[in-house]
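A.B. asks: The structure is given below, and queries will be raised subsequently.
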Amino acid sequence: QVTLVESGGGLVQAGGSLRLSCAASGRTFSRYGMGWFRQAPGKEREFVAAISSSGTMTYYTDSVKGRFTISRDNAKNTVFLQMNSLEPEDTAVYYCAARGIGTISERMREYNYWGQGTQVTVSS
């Protein structure tokens, strides 16, 4: 069982930055592939970024490439999402997710554990 707790969300002006963190419980964090997803009001949850268990492979949805960076610290059981050049379209609840396989995936159904989410609001 893995418990995920996100933090770092908030209100920021367009062009600003935020850094989201996701703290995981358990001793097997370093074996899990991790992902960030988001859900805007009235929209379906969508993939944002993923990172392999070792941190050597990452993958992003096109709309955030060059602006967002996913990383992880396995010693601290934490995964991060650095978000720069934020746009109003980035406004959403951001969710951290873990999958029992160490490879990356953009498919929600392949993630076994989910956090409760953190709100990110970007004002224009």
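A.B. asks: What order do ARG27, ARG107, ARG38 take when sorted by accessible area (1.4 Å probe), most exposed first? Walk me through the intermediate numbers first.
C.D. replies: Details: ARG27 235, ARG107 115, ARG38 15 Å².
Sorted descending by solvent-accessible area, the residues read ARG27, ARG107, ARG38.
A.B. asks: Given a 10 angstrom Cα cut-off, can you work out which residue in LYS76, LYS43, LYS65 is the most mobile in a GNM of the chain?
C.D. replies: LYS43
A.B. asks: Which translational diffusion coefficient, to the nearest whole µm²/s, is obtained for the chain from the Stokes-Einstein equation, given a Kirkwood hydrodynamic radius over C-alpha pairs, 37 °C and 0.692 mPa s? Show your work: numbers first, answer last.
C.D. replies: Values: Rh = 14.1 Å.
Approximately 233 µm²/s, per Stokes-Einstein.
A.B. asks: Using a simple charge model, +1 on the beta-carbon of Lys and Arg, -1 on the beta-carbon of Asp and Glu, nothing else, what dipole does the chain show about its Cα centre, in debye to the nearest 20? Intermediate results must be reported in sequence, preceding the final value.
C.D. replies: Numbers: 13 positive and 10 negative charges, 84 e Å.
It works out to roughly 400 debye.
A.B. asks: Using a simple spin-label model with points 7 Å from Cα along the Cα→Cβ vector, what separation in nm is obtained for GLU46 and GLU110?
C.D. replies: In this crude spin-label approximation the distance works out to 1.9 nm.
A.B. asks: Would you mind working out the accessible area per residue for the chain, using a 1.4 Å probe, and quoting it in Å²? List each step's numbers first, then the result.
C.D. replies: Details: 6490 Å² over 124 residues.
It amounts to 52 Å² per residue over the chain.
A.B. asks: Please turn the phi angles of the range 27-41 into ³J(HN,Hα) values with the Karplus equation 6.51 cos²θ - 1.76 cosθ + 1.60 (θ = phi - 60°), one per residue in order, whole Hz, x for glycine and proline.
C.D. replies: After applying 6.51 cos²θ - 1.76 cosθ + 1.60, I find 9, 10, 3, 5, 9, 8, x, 10, x, 10, 10, 9, 9, 8, x Hz.
A.B. asks: Hey, another quick one. Given a Förster distance of 35 Å, report the FRET efficiency between ARG27 and GLU89 from their Cβ-Cβ distance, rounded to the nearest 0.05. Don't jump to the answer; show the numbers that get you there.
C.D. replies: Working: r = 38 Å, r/R0 = 1.09.
Once rounded, the FRET efficiency stands at 0.40.
A.B. asks: May I pose another question? Go ahead and set up a Gaussian network model of the chain, Cα springs under 10 Å, then flag whichever of GLU44, GLU106, GLU87 fluctuates most.
C.D. replies: For the chain, modelled as a Gaussian network with Cα springs under 10 Å, the answer is GLU44.
The values are calculated or read from the model by the stated rules, or taken from the named source; none is laboratory data. Since the model is a prediction, treat every value here as computed from it, not as a measurement. Virtual Cβ from ideal backbone geometry, glycine too; neighbours counted across all protein chains shown. In case anyone asks, the SASA skips ligands and DNA or RNA and just uses the protein heavy atoms, side chains included. Shrake-Rupley method; radii C 1.70, N 1.55, O 1.52, S 1.80 Å.
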